[in-house]
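Colleague: Take this structure first; my questions come after.
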Amino acid sequence: MISAPGIGSGLDVNGIVSQLMAAERQPLAALARQEQTYNQKLSAFGQVRSTLASFQTALQDLSSGSKFQALSATASDTKVLSASASSNATPASYQLEVLQLAQQHKLASSGYAATSDVVGSGTLTIQFGTYDSGLNTFTANADKATKTITIAPANNTLAGVRDAINAANAGVSATIVNDGSATGNRLVLTSTDSGANNSLKISVTDDDTISTDMSGLSALAYNPTAAVGSGKNLSQVAAAQSAQLKIDGITVNQSTNTVKNAIDGVTLNLATTNVGVPLTLNVSRDTKTITDAVQSFVTAYNGTSGTLKNLTAFKGVGSQNGVLLGDSTARGIQVGMRNLLNTSIDSGGSLTTLSQIGVSFKSDGTLALDSTKLNTAISTNFSDITALFAKAAKATDSLVSLSASTSKTQPGAYAVNVSQLATRGVSQGTLAASLTVTAGVNDQLNLTVDGTAISVTLAAATYASASALAAEIQSKTNGAAGSAGSVVVSQSAGILSITSARYGSASQAALTGGNGLASLFGAPTPITGVDVVGTIDGTIAAGSGQILTGATGGVSEGLSLLINGGALGARGTVTFSTGYAYQINTYLSAVLANDGSLKARTTGIDSSIKSLDQRQLQLEARLAQIEKRYRAQFSALDTMLSSMNTTSSFLAQQLASLPGSSQN
């Protein structure tokens with residue numbers, strides 16, 4: 001039997017149930033509208049996060065302070081050289097003449113028929129220094145470590161030697177050049193660094209026991225003071241040469257074509273010579289870069305502020321108001337940034353507010369820049385502008401400077417007191433050094449450098465001076481020590497001393513033995529270095545080398561100061577400040593963090609949406625039961641009405657058939 005609601009009685013069951021369910025679904029529609037509102041807020045907070053992240057990116061350079069120390073260096077002839085200036089430069093004008101460009105030392109071997117030809121095995125010791133052709137002397141470059149490379153039988157071919165040299169990172173590059181002849185494969189060695197003090201000296205210990213002839217690995221020996229074929233076995237392709245230039249008539253020699261220390265804070269990149277035709281170099285404050293940086297700050301703030309303003313705007317009753325109108329988190333971010341910009345900065349300088357450099361709030365809450373006022377501030381208070389935006393420290397003592405700080409370091413003026421200066425480990429000779437070093441007699445020294453034991457073998461020679469001997473010892477020692485540490489070897493009246501390059505209690509430069517100890521140093525007593533000791537803000541600070549660091553838990557926590565010598569006792573004050581860009585950057589980092597206010601707010605909204613989803617599911621299930629009950633009830637009513645209609649029709653028929661009934 002097939003039936004449908006209302007068929008029997010004519011009752012519109014579907015229509016009645018639909019109308020009843022429409023009324024029942026009103027709470028569900030309200031939940032859906034509420035969820036839509038939450039989703040709109042979630043989307044709006046996505047916009048907030050995006051605009052705050054963009055603002056923070058724009059603040060990175062500003063909070064470091066580099067943009068506000070910009071100077072420019074411009075050459076009148078850029079074909080000769082280009083230049084750049086750091087914040088340490090001083091505005092001035094110079095006359096420059098490039099007399100000679102630096103070049104690298106380049107050596108070539110004799111020819112081999114194939115790159116697979118065997119050269120020989122043993123060791124190559126590469127050293128850098130200065131060759132004086134007039135005196136025929138080689139003086140080691142004390143600042144370049146000696147490097148020894150092992151050539152094993154497994155890599156004793158021409159190609160193998162090339163690869164071993166390149167893999168050693170010894171400051172020399174090796175290539176093979178074929179000149180087109182039958183035995184045209186030649187090993188070419190080039191010093192990585194240019195300059196007259198980077199001439200190559202290559203000593204060989206040949207496994208064939210003869211280390212200076214043209215046979216085996218000794219064919220690669222190059223002692224510039226030796227005779228050709230007897231230790232001077234490579235040919236010179238290009239001599240080591242330093243750059244030479246005149247600055248305002250003063251002759252300057254530099255090892256590279258990138259000249260960094262001739263003019264304080266200025267880097268020169270030499271391209272060609274201009275002998276007899278001097279050019280003009282102008283160093284000046286780069287006001288455009290500074291103005292652009294400040295304008296970028298203003299623009300970035302206004303963009304972020306505008307987004308927040310639109311999202312929280314009240315546009316009137318019946319208007320389309322901002323999605324986040326009345327939201328405390330969004331409002332708190334607006335107020336937080338504005339409060340930071342309205343707070344003065346105490347950096348120890350004359351500039352304390354943004355308005356002093358022409359940055360101020362307009363009536364609509366946006367920032368505006370007065371370029372004229374900014375340019376005046378650049379002209380009169382250039383050194384103080386950085387502290388308005390970045391993290392900075394100003395010390396009253398020129399030998400005290402900021403090394404580092406952390407987020408826990410509080411702005412303020414801190415008194416510094418030093419009771420002990422940091423020192424370096426040292427061993428001082430007790431007699432004038434013998435300048436003659438003889439192999440196997442007095443050519444070895446044993447040392448402990450910053451806790452690492454090493455042994456060095458000096459080149460046998462009669463050194464021209466104690467300074468030349470000191471350079472040899474320093475080069476060999478630093479080559480043997482590698483990354484473990486380094487030393488400086490100096491002389492005074494012929495007496496040598498060896499000093500660790502490191503400061504502090506871990507600093508050592510102890511001579512412990514070797515057959516050369518007595519004749520080169522006598523009987524030195526090693527002295528271990530000590531750490532700096534002192535207080536910051538009256539509290540004992542942690543000392544490590546030359547660095548004093550504020551005590552944990554105090555307002556100076558994380559403030560690390562470099563104490564570069566000076567007197568004991570009170571050392572003035574260090575004023576530490578955090579500028580506007582730095583403060584806002586730090587504030588935004590906290591807001592955007594995983595435990596920040598923005599994350600907490602969106603997590604709360606997500607939780608509310610999930611709760612609404614659950615309530616809707618529960619309500620849907622309840623409505624399904626309600627509809628099922630309504631349909632059952634009205635279907636029963638329909639059946640009952642249909643049955644009553646049938647009974648009515650039957651009774652009418654029966655009454656009509658009774659005797660005496662009348663029909664029209």
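Colleague: With a sphere of radius 13 Å drawn around the Cβ of residue 390, what net charge do the other residues whose Cβ falls strictly inside it have (Lys, Arg +1; Asp, Glu -1)? List each step's numbers first, then the result.
Modeller: Values: positive: 67, 391, 394; negative: 61, 384.
Computed value for this residue: +1.
Colleague: For residue 100, list long-range residues whose amide hydrogen, built 1.01 Å from N in the peptide plane, is under 5 Å from its own amide hydrogen.
Modeller: Excluding prolines and chain starts, which carry no amide H, the hits are 244.
Colleague: Output needed for region 104-238: three equivalent-ellipsoid semi-axes, defined as square roots of 5 times the C-alpha gyration tensor eigenvalues, in descending order, whole Å.
Modeller: The equivalent ellipsoid of region 104-238 has semi-axes of 22, 15, 15 Å.
Colleague: Right, here's the next one. Please state the equivalent ellipsoid semi-axes for region 426-521: what are the square roots of 5 times the Cα gyration tensor eigenvalues, largest first, in whole Å?
Modeller: Calculated on Cα positions only, the semi-axes equal 20, 14, 11 Å.
Colleague: Report the relative contact order of the chain, percent, no decimals, based on alpha-carbon pairs under 8 angstrom and at least 6 residues apart.
Modeller: Numbers: 1422 pairs, mean separation 113.3, N = 664.
Computed value for the chain: 17 percent relative contact order.
Colleague: Ok, one more. What FRET efficiency do you get for residue 57 and residue 593 if R0 is 25 Å and r is their Cβ-Cβ distance, rounded to the nearest 0.05?
Modeller: So the FRET efficiency works out to roughly 0.95.
Colleague: Can I ask one more? Taking +1 at the Cβ of each Lys and Arg and -1 at the Cβ of each Asp and Glu, which of 142, 521, 249 sits farthest along the dipole of the chain towards its positive end, judged by Cα position relative to the Cα centre?
Modeller: Of 142, 521, 249, it is 249.
Colleague: Follow-up question, since we're still on this one. What percent does the relative contact order of region 426-521 come to when contacts are Cα pairs within less than 8 Å and at least six residues apart?
Modeller: Here the relative contact order equals 43 percent.
Colleague: Can you sort 576, 382 from fewest to most other Cβ atoms within 10 Å of each residue's own Cβ?
Modeller: Details: 576 28, 382 17.
Lowest to highest Cβ neighbour count: 382, 576.
Colleague: Using only Cα atoms, what is the ratio of the radius of gyration of the chain to 2.2 N^0.38 Å?
Modeller: On the way: Rg = 42.5 Å, N = 664, 2.2 N^0.38 = 26.0 Å.
For the chain, the normalised Cα radius of gyration is 1.64.
Colleague: Across region 279-419, what fraction of all alpha-carbon pairs, as a whole percent, falls in each successive 5 Å bin from zero upward?
Modeller: For region 279-419, the pair-distance distribution reads 2, 8, 14, 16, 14, 14, 12, 8, 6, 4, 2, 1, 1, 0, 0.
Colleague: So if I take the centroid of the Cα atoms in region 265-332 and the same for region 613-664, what is the distance between those two points in Å?
Modeller: 77
Colleague: Under DSSP H, which helices of the chain have Cα atoms covering 30 Å or more of the helix axis and a Kyte-Doolittle average no less than -0.5?
Modeller: Helix filter hits for the chain: 26-64, 287-311, 597-656.
Colleague: Out of every Cα-Cα pair in region 47-144, what percent are more than 21 Å apart? Write down the numbers at each step before the final one.
Modeller: Details: 3405 of 4753 pairs.
Value for region 47-144: 72 percent of Cα pairs lie more than 21 Å apart.
Colleague: Could you give the length gained on full extension between residue 34 and residue 505, defined as 0.36 nm per residue of separation minus the Cα-Cα distance, in nm?
Modeller: Difference between extended and current length: 162.9 nm.
Colleague: Taking the Cβ-Cβ separation of residue 12 and residue 622 as r and a Förster radius of 30 Å, what is the calculated FRET efficiency to the nearest 0.05? Mind dumping the intermediate values first?
Modeller: Numbers: r = 25 Å, r/R0 = 0.82.
FRET efficiency, residue 12 to residue 622: 0.75.
Colleague: Can you give the calculated 222 nm mean residue ellipticity of the chain, where each DSSP H run of n ≥ 4 adds -39,500 (n - 2.57) and the sum is split over every residue, rounded to the nearest 500 deg cm²/dmol? If you can, show how the numbers build up before the last one.
Modeller: Numbers: 10 runs with 213 residues, N = 664.
After summing the helix terms and dividing by residue count, I get -11000 deg cm²/dmol.
Colleague: Now a separate question. Among rounded, prolate and oblate, which fits region 573-638 when a ≥ b ≥ c are the square roots of the eigenvalues of its C-alpha gyration tensor, a/c under 1.5 means rounded, and a/b larger than b/c means prolate? Each step should come with its number before you reach the end.
Modeller: Details: a/c = 12.23, a/b = 8.42, b/c = 1.45.
Note, shape of region 573-638 comes out prolate.
Colleague: Taking R0 as 35 Å, what's the FRET efficiency between residue 296 and residue 175 from their Cβ-Cβ distance, rounded to 0.05?
Modeller: The value I calculate is 0.15.
Colleague: In addition: Order by neighbour count: 285, 186, 622, fewest other Cβ atoms within 10 Å first, most last.
Modeller: By the 10 Å Cβ count, ascending, the order reads 622, 285, 186.
Colleague: I would also like to ask the following. Listing 86, 379, 363, 427 from the residue with the fewest other Cβ atoms within 10 Å to the one with the most, what is the order? Before the final figure, lay out the partial values.
Modeller: Values: 86 15, 379 10, 363 5, 427 25.
So the ranking, lowest neighbour count to highest, is 363, 379, 86, 427.
FYI, it's all coordinate maths here, none of it is from the lab. In this text the structure is predicted, and so the values were computed from the model without any measurement. Note: ideal-geometry Cβ built from the backbone for every residue, glycine included; neighbour counts use all protein chains shown.
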